[in-house]
Amino acid sequence: MRLLDDPVRRPPTAALRPGGARGHVTLVGAGPGDPDLLTVKAARVLREASLVLYDHLVGERVLELVPAGAVRVYVGKESSRHTMPQQSITELMVRLAREGRSLVRLKGGDGYIFGRGGEEAQALAEAGIAFDVIPGLSAAQGAAASVGIPLTHREHAGTLIFATGHGRDDRSADLDWDVLARPRQTVVIYMGIATLPTICAKLIEHGLAPTTPAALVERATLPGERCVTGSVATLPSLATLHRVKAPALIVIGTVVSLRAVLAPPARRVDAA
């Protein structure tokens, strides 16, 4: 596959004259990483793509579905290290579409769940660019199923909450800790490894029992997947002990205790 050099400063085609046809943008959720977990529609669109803008969390095996002659542009964002700022990514999509290029915007998980897909779709709508959205299996769903943790269960959790571990501009998230600390629910926190000690301390401070089961799922559905389980009180030290790194999700709630029964036998042992 060809890489597009310096895509912000060097447009791949000359701009169309006013009134020319505009391109179309397809926002695609790539799922948690395993290409077998792509939706049928997402896989078809990738096989037909000629230009793909993809993120850091898109698995390499997913990218292998893109035709060899297609242009692919890495616009990945990692914590405190952005290949291209979000504003530049949005501007690039709009500019390419205005030049008549149709493209795929490929995001890990589901683009509408902490993937800034809503922001990008909003910018496209405001610019008058046609687009559609193909949802993906969320990272939370993929991680939970892979390691044997049901996100809801009648005996454990009737509420499911997704939250982010950091806010805008990489600042710690200002979360509603009273809501997150309620019993009989499951809380999944994205992008929370860097702030894990604060997250656990705040939950305990706001009333969550320190013994509440909790887990870290690293590289869910990918080679090298690991799951570390403990409690809200012990999870920060376990993360340090096992050197857990992003991408990883935090799962909190008594549903985590079901992993001992529901995880595939080969995955029931915690990371060592």
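The values are calculated or read from the model by the stated rules, or taken from the named source; none is laboratory data. Since we're looking at a predicted model, the values are computed, not measured. Don't worry about glycine lacking a Cβ; one is built from the backbone with ideal geometry, like all the others, and counts go over all protein chains shown.
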- Note on the structure: Scanning the range 234-255 for residues that are surrounded by fewer than 18 Cβ atoms within 10 Å (Cβ to Cβ) and of a type in the set (G, A, S) gives S237, A246
- Any idea how many residues of the range 120-130 are acidic (D, E) and surrounded by 13 or more Cβ atoms within 10 Å (Cβ to Cβ)? 1
- What about L222, is it surrounded by fewer than 20 Cβ atoms within 10 Å (Cβ to Cβ), not assigned by TED's automatic domain parsing to the domain that holds R105 and not in a loop (DSSP other than H, G, I, E, B)? no
- Item | A260 being surrounded by 13 or more Cβ atoms within 10 Å (Cβ to Cβ) and modelled with pLDDT under 95 | no
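Wholly within the range 129-201, which strands (runs of 3 or more DSSP E) include no fewer than the required count, namely at least 1 residues that are closer than 26 Å to K245 by Cβ and under 19 Å from the mean Cα position of the chain (by Cα)?
Correct list: 159-164, 185-190.
Can you say whether A163 is buried (at least 19 other Cβ atoms within 10 Å of the Cβ) and not basic (K, R), as far as the supplied structure shows?
In short, yes.
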- Item | Which numbered condition L196 fails, given (1) surrounded by fewer than 21 Cβ atoms within 10 Å (Cβ to Cβ); (2) more than 21 Å from T152 (Cβ to Cβ); (3) in contact (Cβ under 8 Å) with a residue 12 or more places away in the chain | (1)
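Just to verify a result, which residue in the range 30-42, among those that are out of contact with any Ser or Thr (no Cβ under 8 Å at 6 or more places or on another chain) and of a type outside the set (K, R), is surrounded by the most Cβ atoms within 10 Å (Cβ to Cβ)? Break it down into steps so the answer makes sense when it comes.
Quick first cut of the range 30-42, residues out of contact with any Ser or Thr (no Cβ under 8 Å at 6 or more places or on another chain) only: 30, 35-36, 38-42.
Next, only the ones that are of a type outside the set (K, R) stay: 30, 35-36, 38-40, 42.
Values: A30: 32, P35: 18, D36: 9, L38: 23, T39: 16, V40: 8, A42: 24.
Checking each candidate, the answer is A30.
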- Taking strands (runs of 3 or more DSSP E) that fall entirely within the range 20-117, which contain at least 3 residues that are closer than 26 Å to Y190 by Cα and not assigned by TED's automatic domain parsing to the domain that holds R226? 24-29, 51-54, 103-107
- Task: Could you look through the range 1-60, keep only residues that are closer than 15 Å to G76 by Cβ and not hydrophobic (A, V, I, L, M, F, W, C), and pick out the one that is modelled with the lowest pLDDT?
- Result: P7
- Query: Across the range 210-223, which residue is farthest from E60 (Cα to Cα) among those that are over 17 Å from the mean Cα position of the chain (by Cα) and in contact (Cβ under 8 Å) with a residue 24 or more places away in the chain?
  - Reply: T212
- Query: Across the range 76-108, which residue is modelled with the highest pLDDT among those that are of a type outside the set (D, E, K, R) and under 23 Å from P223 (Cα atoms)?
  - Reply: L106
